[in-house]
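Dropping a structure here in structure tokens format, bear with me for questions.
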Amino acid sequence: MATLSSRSSRASASRAQGGEAAEQVRSPVPYRVGPLAYSPAVLCQCRRKTPCWTAWSNENPGRRYYRCPAGMAPGDCGFFQWVDREATPYERTLLCDLRDAVWSLRRENAEANRVIEMMQSDNAELRHLKAKLQKEKEELMQKLGQTEATMVEMVDKIKEGNRCWLSRCMVVFVVVAILFGLMLVKV
Ligand SMILES: [Zn+2]
């Protein structure tokens, strides 16, 4: 059994990345088997079945280990035991490169999803704005129609007024002509 300080998977991965994004602390691949789904059970000094975790540190990428279920919390008995042998330098480099590629793709995927969400949000705002403009256009068209109807009515009234004025002038003219004719007859 080795000391704890040299090989805690997530903690050491976190330290190795020096405060990288939170997702880099997580395993690059989901575990197919639960940490307690193995047999025969390996018991720690607390006499409890120890979960089997996988390290993703630079020193031990993909290497499984048993750890006291209390794990660095009060009551931790300090039990730690590797499951797999130590990787060769080539295997270590390969696994670290693959791990970093997965983390990088996850970041890119998260960024792409963020952009898509922003675009969807913008599209929703544009649709809302389009609907609002369409409604305003319909209201303006309705007002324009009412104004046109009012103008036509006013023009008709003006024409009517002009016709009345012309007929009155004609009557006055005829009366004056008759009076003038009578005056000429008397002379
Ligand atoms: Zn224990």
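Please treat every number below as a calculation from the coordinates, not as lab data. A quick note: this is a predicted structure, and the numbers were derived from the prediction, not measured. Because the Cβ atoms are built from the backbone with ideal geometry, glycine has one as well, and the counts that use them run over all protein chains shown.
Just tell me the longest site-free run in the chain, where the sites are trypsin sites (Lys or Arg not before Pro) in a DSSP loop having at most 11 other beta-carbon atoms within 10 Å.
The reported range is 86-187.
Toward the positive end of the charge dipole of the chain, about the Cα centre and with charges on Cβ (Lys, Arg +1; Asp, Glu -1), which of L133, Y38, V102 goes farthest?
Among L133, Y38, V102, the one farthest towards the positive end of the dipole of the chain is Y38.
Once label points are set 7 Å from the Cα along Cα→Cβ at both K159 and Y38, what is their separation, rounded to one decimal in nm?
9.9
Quote the convex hull volume per residue of the chain, based on C-alpha atoms, as a whole number of Å³. Walk me through the numbers before you get to the answer.
Values: hull volume 43.2 nm³, N = 187.
With only Cα atoms used, the chain gives 231 Å³ per residue.
Using Cα centres only, tell me the gap between region 125-166 and region 24-96 in whole Å.
79
Okay, moving on. Filter the GluC sites (Glu not before Pro) in region 81-187 down to the DSSP loop ones having no more than 13 other Cβ atoms within 10 Å, then list what survives. Walk me through the numbers before you get to the answer.
Numbers: sites: E86, E91, E108, E111, E117, E125, E136, E138, E139, E148, E153, E160; in loops: E86.
Hits after loop and neighbour filter: E86.
What FRET efficiency, computed as 1/(1 + (r/R0)^6) with R0 = 25 Å and r the Cβ-Cβ distance, is obtained for E148 and N123, rounded to the nearest 0.05? Provide the component values of the computation, followed by the final result.
Working: r = 37 Å, r/R0 = 1.47.
Step by step, r from the Cβ atoms, then E = 0.10.
Over the chain, what is the mean sequence separation of C-alpha contacts under 8 Å (at least six apart), divided by residue count, expressed as relative contact order in percent?
Details: 147 pairs, mean separation 27.0, N = 187.
For the chain, the relative contact order is 14 percent.
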